[in-house]
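Colleague: If you scroll down you'll find the structure; I have some questions about it.
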Amino acid sequence: MPRILDGNRVRDDIKYELKPRIDALSAKGRPPGLAVVLVGHNPASEIYVRNKIKTCHELGIYSESITPPDTISTAELLAIVVGLNARPEIDGILVQLPLPAQVDSKRILMAVAPEKDVDGFHPCNVGALVAGLPAPRACTPAGIIQLLKRSGIAMSGRRSVIVGRSDIVGKPVALLLLHEHATVTICHSKTPDLPAVCREGDILVAAIGRPAMITRDFIKPGATVIDVGTNRIEDRAEASRIFRNSREKLASFDRRGSLTVGDVDPVDVVECAGAYTPVPGGVGPLTIAMLMTNTVASAERRSGAC
Ligand code: NAP
């Protein structure tokens with residue numbers, strides 16, 4: 001049986017390690033502060049933001065959510081971000097994506113002060129990532145590296161193949177793996193013979209957004225497979241096909257009316273990989289843990305503690 005890379009355990013370890021740092025900041029004057037801007041009523045975004053705020057409460061991080069309506073203009077949202085940039089008790093600003101179509105998302109992300117950009121999306125922080133300089137790193141990619149390190153999976157000198165080249169996951173995780181001395185290949189929708197390229201990977205990262213696309217033909221036997229995908233399946237026949245009629249999974253589908261599936265085939269990965277991240281419970285829990293880490297690190301920098 002392959003090893004399961006348990007994201008919940010690593011998340012709990014990271015949170016445990018953050019607690020004394022948060023307590024030290026609070027004792028010195030004030031706790032770290034995170035502001036989350038959530039525009040409109042996207043149900044998935046509302047769940048993500050609720051979980052982020054809940055984790056702040058658990059850890060003793062001050063948090064506030066700003067919830068403008070989805071009719072907001074770029075100028076109005078810019079004014080909110082500029083206001084948060086100026087507030088001394090706010091160490092981290094997160095603008096939950098996606099934003100409504102009328103808002104210029106790039107302008108909004110560029111307006112967040114780089115030192116408060118706990119998502120690591122500002123071009124200054126992306127540049128720092130490329131140059132290997134200290135700066136907030138994008139949370140999901142940073143979480144993947146933590147998961148690999150803390151699970152004792154070697155990266156140096158190993159072939160890593162990443163499927164997906166998004167600014168949020170694919171590109172930053174490729175750069176982080178490169179900084180860990182992996183030999184990195186980035187694939188995308190125009191990559192010819194994708195299964196053959198993926199089979200070169202000792203570490204295979206799937207960040208595609210296509211349910212169970214990575215089947216056994218893509219996996220080098222014994223590889224470490226990191227599944228970033230979180231795809232909601234609402235078609236029972238599709239769920240039945242992906243989970244090979246698993247009675248347990250179908251019962252879960254029938255209770256909820258949907259199932260979350262990664263980008264990697266959940267049956268094939270168990271049969272072919274040496275280690276893998278389950279969905280849910282693999283990469284997902286690390287994203288919030290790294291957001292908390294970035295917020296605490298920002299508060300430490302701003303308070304002169306490091
Ligand atoms: P994205 O911006 O849509 O990017 C998807 C990437 O996959 C693109 O680079 C695209 O290639 C590539 N792709 C799509 N179809 C392909 C195909 N048939 N063959 C090869 N490559 C293909 O997605 P994202 O934001 O990176 O997210 C990816 C997945 O991760 C989603 O399921 C998302 O929900 C999940 N996610 C999870 C977390 C978490 O915390 N667990 C965080 C972020 C994202 P092109 O560039 O050529 O179009």
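Colleague: Need one number: convex hull volume per residue for segment 56-204, Cα atoms only, in Å³.
Modeller: Working: hull volume 20.9 nm³, N = 149.
Output value, Cα hull per residue: 140 Å³.
Colleague: Kirkwood hydrodynamic radius of segment 230-306 from all distinct Cα pairs, in Å?
Modeller: Across segment 230-306, the inverse of the average 1/r is 14.9 Å.
Colleague: Send over the semi-axes of segment 131-218's equivalent ellipsoid, whole angstrom and largest first, taken as the square roots of 5 times the C-alpha gyration tensor eigenvalues.
Modeller: Here the semi-axes work out to 21, 15, 12 Å.
Colleague: Could you work out the equivalent-ellipsoid semi-axes for the chain, taking the square root of 5 times each eigenvalue of the Cα gyration tensor, largest first, in whole Å?
Modeller: 33, 22, 19
Colleague: Still on this model: Within a 10 angstrom radius of the beta carbon, how do Leu250, Leu148 rank from fewest other beta carbons to most?
Modeller: Leu250, Leu148
Colleague: Using every Cα-Cα pair within segment 81-153, state what percent have a distance larger than 20 Å.
Modeller: 39
Colleague: Then there is this: Based on C-alpha coordinates, I'd like the Rg and Dmax of segment 116-176, in Å.
Modeller: Over segment 116-176's Cα set, Rg and Dmax evaluate to 11.6, 34 Å.
Colleague: For segment 1-103, compute the number of Lys pairs whose alpha carbons are separated by less than 15 Å, excluding pairs fewer than 8 positions apart on the same chain.
Modeller: Final tally of qualifying lysine pairs is 4.
Colleague: I would also like to ask the following. Counting C-alpha atoms alone, how compact is segment 1-112: give Rg to one decimal and Dmax as a whole number, in angstrom.
Modeller: 16.4, 54
Colleague: Ok, one more. Translational diffusion coefficient of segment 12-61 at 10 °C, 1.306 mPa s, Stokes-Einstein with Kirkwood Rh over Cα pairs, in µm²/s as a whole number.
Modeller: Numbers: Rh = 12.1 Å.
D = 131 µm²/s.
Colleague: Taking the number of other C-beta atoms within 10 Å as the exposure measure, put Met110, Met290, Met155 in order starting with the fewest.
Modeller: Details: Met110 16, Met290 25, Met155 21.
Fewest-to-most Cβ neighbours within 10 Å comes out as Met110, Met155, Met290.
Colleague: Right, something else. For segment 149-306, what's the radius of gyration and Dmax over Cα atoms, in angstrom?
Modeller: 17.2, 56
Colleague: At most 11 other Cβ atoms within 10 Å and a DSSP loop assignment: could you name the GluC sites (Glu not before Pro) in segment 163-237 that fit?
Modeller: Loop-located and lightly packed - Glu234.
Colleague: So what is the relative contact order for segment 156-230, in percent, with contacts set as C-alpha pairs under 8 Å and at least six apart?
Modeller: Result for segment 156-230 is 34 percent.
Colleague: Still on this structure, I have one more. Take the chain, connect every pair of alpha-carbon atoms lying under 10 Å apart with a spring to form a Gaussian network, then pick out the residue of Asp235, Asp227, Asp70 with the largest mean-square fluctuation.
Modeller: Asp235
Colleague: What ranking do Val163, Val205 get, fewest neighbouring Cβ atoms within 10 angstrom at the top?
Modeller: Ordered from fewest to most neighbouring Cβ atoms within 10 Å, Val163, Val205 come out as Val163, Val205.
Readers should treat all values here as calculations from the given coordinates under stated rules, not as data from a laboratory. Source: prediction; values computed, not measured. Note that we place each Cβ from the backbone using ideal geometry, even for glycine, and neighbour counts take in every protein chain shown.
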